[in-house]
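Any read-out appearing in this document is the output of simple, stated calculations on the displayed coordinates, not a laboratory observation. The shown structure was predicted, so the numbers you read here are calculated from the model rather than taken from an experiment. Reconstructed Cβ throughout: ideal geometry from the backbone, glycine too, with neighbour counts over all protein chains shown.
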Amino acid sequence: MDNKLLEQLKRMSPEERSRPMVQSLGGAGSVTAEDLLNELQGKAVEHSDKKKKLIQAVVKKLA
Amino acid sequence: MADSSVFLYVKPDYDEASIVYLKLTEPVRDYAQSIGYTVIDLEANDAMPYNIYNAITQYDPAYVFLSGHGCETLITAQNYEDVFWIKPGCEDHTQHTDMISALSGRTTFLMSCYCGQDLAPAIFNAGGENVVGWTDEYTWVVDTDYEPIDDPFALSFFDAPNYYMSLILDGVDISQAFKQTVDRYNILIASWSKWIKDNPNGNASDLARSHLSISLLAHDRDVMMAIGQGYRLESTSTGTGINPIILLAGAGLMGSLYMQVSGKEE
């Protein structure tokens with residue numbers, strides 16, 4: 001895992017974490033810092049299948 | 001033979017990703033115009049399947065630039081309408097049109113997610129001159145504090161694909177264009193590494209986006225593929241190599257058989 005990224009995500013304010021951070025052409029909408037932080041920390045959050053797939057694809061690339 | 005002076009540019013705009021960020025592909029259209037191509041420009045509500053097929057029939061473009069949401073077997077146009085498709089299509093799509101033979105003899109750029117897996121090889125096997133696409137999510141980092149055209153994060157993600165298409169329009173060989181595009185990705189990654197090194201006390205939002213840009217640019221670089229006569233090009237995990245593949249179109253084979261130079265079958 002990219003610990004430097006995790007460190008910065010944790011430093012971000014709640015408002016900053018709620019802003020879009022990643023987009024894709026898979027039709028999944030935006031991923032926020034909060035989405036990434038939840039996934040990196042193993043928190044269970046409901047998402048659409050497409051968005052879940054995108055978040056997991058992003059996090060996988062941080063491993 | 002397709003008209004090598006004609007470039008078809010397709011850019012839908014119906015959701016945040018397409019309305020806001022596909023603007024960052026416009027330098028390709030502008031570059032084509034600047035070097036003398038006849039550009040057929042289908043944007044927004046003009047980027048509909050019928051108009052795309054009609055433009056291909058009417059103008060016979062040698063170069064087709066498609067952008068939009070997609071999956072392994074499908075690329076869409078305006079309003080998520082299927083435009084080029086092979087079975088089974090995407091799970092939530094029902095309006096299927098199989099028109100990939102329309103891309104025969106043309107260079108096709110699939111600016112979309114996952115299309116490099118199945119659709120790009122299918123277009124090539126249907127007679128496509130060469131095709132480029134991405135085999136996984138095509139992602140980019142955004143900072144909505146900026147206008148898209150000023151967003152340094154988003155801009156860096158569209159730079160390399162735009163560069164590839166510009167090289168192809170310049171007549172650069174597909175393998176050279178691919179290699180130079182991988183190099184371009186590496187330069188972009190290095191620039192974010194340098195920014196982090198030069199700004200150790202930057203704000204958390206910028207630093208997080210910079211770290212993420214390094215990872216996701218490497219991702220986009222490593223899932224880019226191009227397929228043409230005699231080649232299937234993919235970057236290596238280091239992003240510096242290309243794996244040429246010898247095309248073995250043997251009689252009696254179903255479709256085409258590809259074999260890496262190393263002898264490993266795909």
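Quick notes on this structure:
- Relative exposure of A:61, A:10, judged by other C-beta atoms within 10 Å (fewest first): A:10, A:61
- Counts of other chain beta carbons within 10 angstrom of each beta carbon in peptide B:8-17 average 2.
- Neighbour-count order for B:90, B:113, fewest beta carbons within 10 angstrom listed first: B:90, B:113
- Fully extended contour minus Cα-Cα distance, from residue B:125 to residue B:46, at 0.36 nm per residue: 25.6 nm
- Here B:195, B:85 are placed in order of increasing Cβ neighbour count within 10 Å, fewest first, which gives B:195, B:85.
- Applying 1/(1 + (r/R0)^6) with r as the Cβ-Cβ distance of residue B:54 and residue B:34 and R0 = 35 angstrom yields a FRET efficiency of 0.85.
- Additional length obtainable on full extension of the chain from residue B:87 to residue B:15, 0.36 nm per residue less Cα span: 23.4 nm
- Based on Cα atoms of chain B, Rg over Rh with Rh as the Kirkwood radius reads 0.97.
- Charging the Cβ of each Asp and Glu at -1 and of each Lys and Arg at +1, and nothing else, the dipole of chain B about its Cα centre rounds to 860 debye.
- Nearest-0.05 FRET efficiency for residue A:56 and residue B:150, computed from C-beta distance (R0 30 Å): 0.50
- Taken as Cα centroids, the range B:8-75 and the range B:164-242 sit 23 Å apart, rounded to the nearest whole angstrom.
- Rounded to the nearest 10 degrees, the angle from helix B:152-169 to the longest Cα principal axis of chain B is 30 degrees.
- Per-residue shielding of A:24-37, expressed as the average number of other chain Cβ atoms within 10 Å of the residue Cβ, stands at 6.
- Cα-centre dipole for chain A with unit charges at Cβ (Lys and Arg positive, Asp and Glu negative), debye to 20: 160 debye
- In chain A, GluC sites (Glu not before Pro) in a DSSP loop with at most 10 other beta-carbon atoms within 10 Å: A:46
- Debye intensity ratio I(q)/I(0), log10, chain A, q values 0.20, 0.24, 0.28 Å⁻¹ (C-alpha model): -0.75, -1.08, -1.38
- Over 36 Å [Cα-Cα, the protein assembly as shown], rounded percent: 17 percent
- Dipole orientation for the protein assembly as shown: of the candidates B:141, B:185, B:89, B:185 has the Cα lying most toward the positive pole (charges on Cβ; Lys, Arg +1; Asp, Glu -1).
- Estimated distance in nm for a label pair at residue B:173 and residue A:11, the labels positioned 7 Å out from Cα along Cα-to-Cβ: 4.7 nm
- Computed from label points 7 Å out along Cα-Cβ, the spacing between residue A:43 and residue A:19 is 1.9 nm.
- Applying a 4.7 Å Cβ-Cβ cutoff to the protein assembly as shown, the cysteines left without a disulfide-compatible partner are B:113, B:115.
- Dipole check for the range B:1-100: with +1 at the C-beta of Lys and Arg, -1 at the C-beta of Asp and Glu, and the Cα centre as origin, the magnitude is about 260 Debye.
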